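Undergrad: This is the structure I have questions about; it appears just below.
The values are calculated or read from the model by the stated rules, or taken from the named source; none is laboratory data. Since this is a predicted model, take the numbers as computed values, not measurements. Cβ atoms come from the backbone with ideal geometry, glycine included; neighbour counts cover every protein chain shown. Only protein heavy atoms, including side chains, enter the accessible area calculation; ligands, DNA and RNA are left aside. Shrake-Rupley method; radii C 1.70, N 1.55, O 1.52, S 1.80 Å.
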Amino acid sequence: MKKHLLLAWASLLAGGCLSSHSNEVVVYSALDAEFSQPILDDFEQATGIKPLAKFDAESTKTLGLTQAIIAEGGERPRCDVFWNNEILNTLRLEQRGLLAVYKPKLAERYPAMYRSPEHLWHGFAARARVIIVNTDLLPEEERPSSIYDLTDEKWSGRCGLAKPLFGTTATHVACLFAQLGDEKAKELLQTMKDRGVRIYSGNKQVATAVSAGELAFGFTDTDDAIVEVESARPVAIVYPDQQEGGMGTLFIPNTLSIVRGAPNEAEAKRLVDYLLTPEVEIKLAKGPSAQIPLSEKVDVPLRVATPNTIRAMKVDFNAAAEKWDTAARFARDLFATAE
């Protein structure tokens with residue numbers, strides 16, 4: 001399988017662009033390969049259409065793939081479907097006019113806040129931004145309960161998060177800028193740095209650092225946290241900011257979009273239709289990433305909380321996308337030299 005994919009990519013790239021092939025679809029996936037590739041394999045088995053998946057590094061995947069689509073410029077794109085593991089970089093592509101209009105067959109089954117009114121992108125399979133704590137190091141009464149615990153001096157050097165320049169951590173920062181305003185968000189991040197919060201290359205690295213006892217706690221995503229929980233590590237998940245008046249826990253959906261001018265448009269539509277089904281959300285919910293179904297037609301036992309069971313952060317994703325450049329510039333300057 002891997003050899004075939006490498007040969008396919010090499011031959012297509014040698015021609016300068018990815019040409020149209022009726023039995024292939026090119027997918028840029030920011031969702032970890034271990035979670036998304038089995039779904040893509042199922043699609044191939046069900047349809048006979050071969051997904052050629054491009055993944056990126058854990059530390060830069062969302063931004064890296066977004067920049068690749070921007071660089072391709074919309075005139076002769078290589079990507080057919082962008083499977084993003086968050087939403088704000090999808091909205092940035094929408095702002096640049098790089099997404100195609102498509103209304104999937106089951107689009108109406110998803111909440112309005114998680115789909116584009118113009119049918120340019122479609123949200124599904126959410127994750128939450130959570131605190132993972134080491135239960136050997138922190139008894140229940142001492143565990144953090146808020147993002148503001150990252151600014152507490154008593155946790156200096158004992159807590160961490162992924163570098164807030166890429167992926168869901170960057171999305172989280174932009175949402176904080178939209179929620180708190182620029183000055184309060186900058187103050188929060190600056191205080192985190194001043195208090196010695198430790199910076200890691202990705203959310204997975206934060207989760208494993210906590211389970212290994214390198215950190216007492218850290219911010220990560222539910223998909224990375226649940227892997228540690230279900231591997232019987234000494235960890236627990238805390239949903240932050242649940243107190244009265246608290247901002248709540250941020251839920252971030254995966255998003256799907258077809259790139260404008262996609263070489264394999266018909267196959268791209270079939271893939272989007274396939275992914276936006278209850279069956280796929282159930283697979284992602286039951287799988288190792290424990291992702292949270294958003295379709296109203298999915299009713300299965302879940303291993304993590306949902307926006308309906310806890311206080312969810314109320315966020316305007318479009319406003320957060322507007323704050324992206326400001327938030328990214330500040331975070332880059334603040335954490336550029338972090339580990």
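Undergrad: For region 221-257, give me the residue count where each residue is among the polar types (S, T, N, Q) and either open to solvent by 10 Å² or more (accessible area, probe 1.4 Å) or in contact with a Gly (Cβ under 9 Å, 6 or more places away or on another chain) (or both). Reasoning before the result, please.
TA: Let us first name the residues in region 221-257 that are among the polar types (S, T, N, Q), namely 222, 231, 242-243, 249, 254-255, 257.
Applying the additional criterion that residues be either open to solvent by 10 Å² or more (accessible area, probe 1.4 Å) or in contact with a Gly (Cβ under 9 Å, 6 or more places away or on another chain) (or both) yields 231, 242-243, 254-255.
Of the residues in region 221-257, 5 are among the polar types (S, T, N, Q) and either open to solvent by 10 Å² or more (accessible area, probe 1.4 Å) or in contact with a Gly (Cβ under 9 Å, 6 or more places away or on another chain) (or both).
Undergrad: Something else now. Return yes when residue 273 is within 20 Å of residue 123 (Cβ to Cβ) and modelled with pLDDT under 95 and no when it is not.
TA: It is false that residue 273 is within 20 Å of residue 123 (Cβ to Cβ) and modelled with pLDDT under 95.
Undergrad: Give all pairs with beta carbons closer than 7 Å in which a residue from region 211-225 that is at positive phi meets a residue that is open to solvent by 10 Å² or more (accessible area, probe 1.4 Å); count only pairs at least 6 apart in sequence or on separate chains.
TA: Listed pairs, sorted by first residue: 213/136; 213/137.
Undergrad: In this structure, does residue 182 turn out to be open to solvent by less than 60 Å² (accessible area, probe 1.4 Å) and among the charged types (D, E, K, R)?
TA: Answer is yes for this residue.
Undergrad: Then there's this: All but one of (1) outside any loop (DSSP other than H, G, I, E, B); (2) farther than 17 Å from residue 109 by Cα; (3) open to solvent by less than 10 Å² (accessible area, probe 1.4 Å) hold for residue 318, so report the exception by its number.
TA: Going through (1) outside any loop (DSSP other than H, G, I, E, B); (2) farther than 17 Å from residue 109 by Cα; (3) open to solvent by less than 10 Å² (accessible area, probe 1.4 Å) one by one, residue 318 breaks only (3).
Undergrad: Does residue 134 qualify as being touching a Lys or Arg at 6+ places or on another chain (Cβ under 9 Å), closer than 26 Å to residue 201 by Cβ and surrounded by fewer than 24 Cβ atoms within 10 Å (Cβ to Cβ)?
TA: So residue 134 passes the test.
Undergrad: Additional query: Just one of the numbered conditions (1) at pLDDT below 90; (2) open to solvent by 20 Å² or more (accessible area, probe 1.4 Å); (3) not acidic (Asp, Glu) is not true of residue 62; which one?
TA: All conditions are met except number (2).
Undergrad: To continue, here is another question. Here's a check for you: in region 95-110, which residue that is in contact with an Asp or Glu (Cβ under 8 Å, 6 or more places away or on another chain) and not aromatic (Phe, Trp, Tyr) is most open to solvent (accessible area, probe 1.4 Å)?
TA: Only one residue tops the list, namely 105.
Undergrad: Quick one: which residue in 293, 307 is in contact with an Asp or Glu (Cβ under 8 Å, 6 or more places away or on another chain), touching a residue at least 24 places away in the same chain (Cβ under 8 Å) and open to solvent by 10 Å² or more (accessible area, probe 1.4 Å)?
TA: 293
Undergrad: Using beta carbons and a limit of 8 Å, which pairs, at least six apart or on different chains, have the first residue in region 146-169 and under 24 Å from residue 312 (Cβ atoms) and the second one among the basic types (Lys, Arg) and open to solvent by less than 30 Å² (accessible area, probe 1.4 Å)?
TA: Going by the 8 Å Cβ cut-off, the qualifying pairs are 166/61; 167/61; 168/127; 168/129.
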